[in-house]
1. Can you tell me which residue among Arg95, Arg101, Arg142 is open to solvent by 50 Å² or more (accessible area, probe 1.4 Å), at pLDDT below 95 and not aliphatic (A, V, I, L, M)?
2. Of the residues that sit in the range 270-281 and are within 16 Å of the ligand (Cβ to nearest atom) and within 26 Å of Ser302 (Cα to Cα), which one is modelled with the lowest pLDDT?
3. Looking at the range 320-376, which of its residues are more than 30 Å from Met425 (Cβ to Cβ) and part of a loop (DSSP other than H, G, I, E, B)?
4. If you take the residues in the range 415-444 that are open to solvent by less than 20 Å² (accessible area, probe 1.4 Å) and at pLDDT 80 or above, which one is nearest to Lys81 (Cα to Cα)?
5. Being crowded, with 19+ Cβ neighbours inside 10 Å, in contact with a Gly (Cβ under 8 Å, 6 or more places away or on another chain) and among the hydrophobic types (A, V, I, L, M, F, W, C) narrows it down to one residue among Met398, Met412; which is it?
6. If you go through the range 50-108 one residue at a time, how many are closer than 26 Å to Val266 by Cα and in contact (Cβ under 8 Å) with a residue 60 or more places away in the chain?
7. Do any helices (runs of 4 or more DSSP H) entirely within the range 63-177 hold 2 or more residues that are within 14 Å of the ligand (Cβ to nearest atom), and if so, which?
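The values are calculated or read from the model by the stated rules, or taken from the named source; none is laboratory data. As the structure is a computational prediction, the values presented were derived from the model and not from experiment. Glycine gets a Cβ as well: all are built from the backbone with ideal geometry, and neighbour counts include every protein chain shown. Please note that ligands, DNA and RNA were not included when accessible areas were found on the heavy atoms of the full protein model with its side chains. Shrake-Rupley method; radii C 1.70, N 1.55, O 1.52, S 1.80 Å.
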Amino acid sequence: MVVLAARQAGGEATNRTRTTAATTPRARVTHADAVVIGAGPAGSAAAAFLADAGRDVILVEKDGFPRDKVCGDGLTPRAVKALQSLGLDEEAQGRLPGWDRQEGLRMYGGGVVLDLPWPVLDEFPSHSVTATRSLFDHTLARHAVKRGAQLWEETDVTGPLYLTTSRRRVSGVAYRRDGDGGGAEGVIRAPIVIVADGGSSRFAVQLGLHRDGRRPMGVAVRAYYRSPRSTMGMMEGFLDLRRHDGEEGELLPGYGWIFPLDDGLVNVGWGLISTSEHFRTTNYRKTLEQWVAGLPAAWDLSPDTMVGRPRSAGLPMGHNRRPPVHRGALLVGDSAGMVNPFNGEGISYAIEAAQFAAEAADDALHTRSDRALDAYAAAVADAWGGYYRLGHVFLQAMGHPQVMRLCTEYGMPRRRLMDFVFRTMAHLVNHSSKDATDLLINTLSRAVPAA
Ligand SMILES: Cc1cc2nc3c(=O)[nH]c(=O)nc-3n(C[C@H](O)[C@H](O)[C@H](O)COP(=O)(O)OP(=O)(O)OC[C@H]3O[C@@H](n4cnc5c(N)ncnc54)[C@H](O)[C@@H]3O)c2cc1C
């Protein structure tokens, strides 16, 4: 009876579930140890880690899988390591159908082309992988279910439940589900609430937690093309983008990418940061077309080879929604603005934060004390606080096209300097190493306060 109720609510009940349900579909009450809002990388990873720890977890996703998500689809060695931490070893190798594997980054800028192999480090693998987010997110959500989490698809979390009328402590979520037989509404009561509903995070706003406008934001657009570049075995990054509309155009303070995918496709995109004066006035899709039109004809990137339509979205960077523990809820991934300001990467941080959050949540359930949740905020600040502040300083400078141009023209011909820049931007550092590059990046990150 109990299991049936969970299935009707969209869940895949497990033999571990302790779910209880009320009698009418419109007043359903479900209990769990933890509820996770959103099944992107952050939410699915958090659900998988918590289920692995033996906890009863419900992962709620408003869409149905597979579903698209605007992204570059790039998983750097940092993200590959995060996949390994989840136990997704085959996917991390990048050799399964739908997955592609690369050995480095080809960087274009200042008239120079540099091939930078991923560094060989103790703490990270030396390859990257790509997979469309449609495949990637579905894989992670299925993985969470395999680990024992319930996945409720096509279920929209509509707001928080509180423990008391003072609203100091969240104690679950309300949800709505539109199905063939009419809508269903209900609540999930859980001592642990993990917020992983992405950059706009309606749930965080409902908790009264807004984005900090002084912290950086990015906007990027991407499109898929059928192109011979899909077999290049390298990610490609472009430091100086120009508008090409018949003549040599203005240099843009963003950066572009071409990432190869399996099956003859490439993901092509470019992004701008909020420190740029063009941030709010640029037509992102048109600029993508103009930039791509100036790339070599042999790459075959044209409106004829485009698959689907270009789509854009925001990148919440540099911990731009704080604190990550608020009214007892834990914010993970884009909902807490965890995108790396240096390179726009968010997936690895979403998964790493999910692990920190799951550990703190498991501890809090074990000790029956919210004090354990503070360990999550401390772990995030300790892991990336200083580095992200450094990234903010970097973005302030890069928002000026002249500074960007000078850096590109001076830096690109200097191989050792670019190796350093490359590792700094990709955040690929051994923490306990005596290597000069590791020492310098670690020292710089520590020198900047995390707040
Ligand atoms: C153009 C672009 C390119 C990018 N390229 C890269 C890249 O190459 N590599 C990289 O590492 N990062 C990249 N990023 C960043 C990356 O996409 C994000 O950092 C990452 O998706 C964050 O994961 P998340 O789980 O926190 O959020 P999301 O992936 O946004 O997932 C949030 C989930 O919550 C669900 N949800 C929302 N509201 C509700 C609700 N009310 N109820 C239930 N479910 C809800 C959503 O449907 C979604 O499934 C890029 C971003 C953009 C915009």
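1. Details: Arg101 fails: at pLDDT below 95; Arg142 fails: at pLDDT below 95.
Matching residue, one of Arg95, Arg101, Arg142: Arg95.
2. In this case the residue turns out to be Phe279.
3. Arg327, Gly328, Arg368, Ser369
4. Leu428
5. Numbers: Met398 fails: in contact with a Gly (Cβ under 8 Å, 6 or more places away or on another chain).
Met412 is the lone residue from the list that is crowded, with 19+ Cβ neighbours inside 10 Å, in contact with a Gly (Cβ under 8 Å, 6 or more places away or on another chain) and among the hydrophobic types (A, V, I, L, M, F, W, C).
6. Kept after step one, since they are closer than 26 Å to Val266 by Cα, are these residues of the range 50-108: 63-84, 88-108.
When the remaining residues are screened for being in contact (Cβ under 8 Å) with a residue 60 or more places away in the chain, the result is 63-79, 81-83, 97-108.
Result for the range 50-108: 32.
7. On the way: elements: 77-86, 89-93, 133-146.
Ranges flagged: 77-86, 133-146.
Residues checked against (1) surrounded by 20 or more Cβ atoms within 10 Å (Cβ to Cβ); (2) within 10 Å of the ligand (Cβ to nearest atom); (3) farther than 22 Å from Leu261 by Cβ:
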| site | (1), (2), (3) |
| --- | --- |
| Pro191 | yes, no, yes |
| Gly198 | yes, yes, yes |
| Asp212 | no, no, yes |
| Met217 | yes, no, yes |
| Thr231 | no, no, no |
